[in-house]
Amino acid sequence: MDIKLVPGKYVVAVSGGVDSVVLLDLLSRQPELRLTVAHFDHGIRPDSGADRLFVQTLAKKYGLPFVYDAAQLGPGTSEATARQARYQFLEQARRASRAASIVTAHHQDDLLETAVLNLLRGTGRKGLTSLQDRTSIRRPLLAYAKPTIIAYAKAHDLAWHEDSTNHDQSYRRNYVRQSLLPKLPVAGRQRLLEVLAAQRAVNEELDRLLTNYLHLQPVSGVLDRAAFARLPHAVAKEVLASWLRANGLSNFDRKTLENVTVRAKVGRAGSLAALKDDNCLVIGVSQLALRHIER
């Protein structure tokens, strides 16, 4: 396995599982990297404290600084809630250490699982390619499948902790991992990877076109309602979603986006269309604008 990061400071997310243990070992072999090992205890399992001690010992073995935080999320916590709490901690750790990026151990199987999960949830085109290597969150193992990672760990006599919840199929991700993806033949797996790669390219081009469209709006921060109303419905939803994100609003679901798109086209002038977090769309005669409602 060969991964390379640009020399600099990084926060490495280490859970204690085989993926993050291998990631840490690979990165530790690059002397030009200044690493901080970060561990987040979700407080979901009663034995999770042992993972923290294991990772702390691991950081000491590599001679690296160690930071951690603990929550009490409890059993039954949703994957989304756990993920949000984890990334909030990792971002705090990145800022505190003045690191360039967070590095996670997501691998090829995670990429496929995430795409299938989001497909099952009914997310749009971005959901299929949401797990990527980015400037802010580096994911250098995305090219490697799980068996390759385990083989590396065994070949280098690495120890790791197995998360007991990984076998609990009440978590949808575990169901996809253990019951759906194993049924894919090798050719099917490769074809899915090719489809996702093609979709990433399409998404990049669509996002570029959408950005250009928004830059051509006559007034900054608003949409021309007449031009918006003439767009095909599917295109209008993409434009609205990109516009909302450009204005710092990403907490909307498919149902909300559908409703607000329709209201933006045919709603009565002077009315409001509710978004999340006390935000709303103001529907004018000729323009669409955003407003935050103070409670």
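FYI, it's all coordinate maths here, none of it is from the lab. Everything numeric here is computed off the predicted structure, so don't read it as measured data. Please note: Cβ atoms are built from the backbone with ideal geometry, for glycine as well, and neighbour counts cover all protein chains shown.
Computed as a quarter of the hull surface, the mean projected area of the alpha carbon convex hull for the range 119-238 stands at 11.4 nm². This ranking places Asp207, Asp47 by how few other beta-carbon atoms lie within 10 Å of each, fewest first, which gives Asp47, Asp207. With N as its number of residues, the chain has a Cα radius of gyration that, divided by 2.2 N^0.38 Å, comes to 1.15. Measuring between their Cα centroids, the range 44-108 and the range 220-235 lie 42 Å from each other.
Taking the number of other C-beta atoms within 10 Å as the exposure measure, put Val116, Val22, Val14, Val195 in order starting with the fewest.
On the way: Val116 19, Val22 25, Val14 29, Val195 12.
Ranking Val116, Val22, Val14, Val195 by Cβ neighbours within 10 Å, fewest first, gives Val195, Val116, Val22, Val14.
With contacts taken as Cα pairs under 8 Å at a separation of at least 6 residues, the range 228-295 carries a relative contact order of 22 percent. From largest to smallest, the equivalent ellipsoid semi-axes obtained for the range 217-292 from the alpha-carbon gyration tensor read 16, 14, 13 Å.
Put a plus charge on the Cβ of each Lys and Arg, a minus charge on the Cβ of each Asp and Glu, and nothing anywhere else: the dipole of the range 217-292 about its Cα centre is then about 180 debye.
Placing unit charges on C-beta atoms (Lys and Arg positive, Asp and Glu negative, everything else neutral), compute the dipole magnitude of the chain about its Cα centre in debye, rounded to 20.
Dipole magnitude for the chain comes out near 680 debye.
Under 5 Å from the amide H of Asn247 lies no amide H of any residue 5 or more positions distant or on a separate chain, with H modelled from the backbone and absent for Pro and chain starts.
Over the range 28-76, consider all pairs of different Cα atoms and compute the Kirkwood hydrodynamic radius from their mean reciprocal separation; express it in Å, one decimal.
Across the range 28-76, the inverse of the average 1/r is 11.8 Å.
Find the percent of Cα-Cα distances in the range 8-183 that exceed 27 Å, and round it to a whole number. Counting every Cα pair in the range 8-183, those more than 27 Å apart make up 24 percent.
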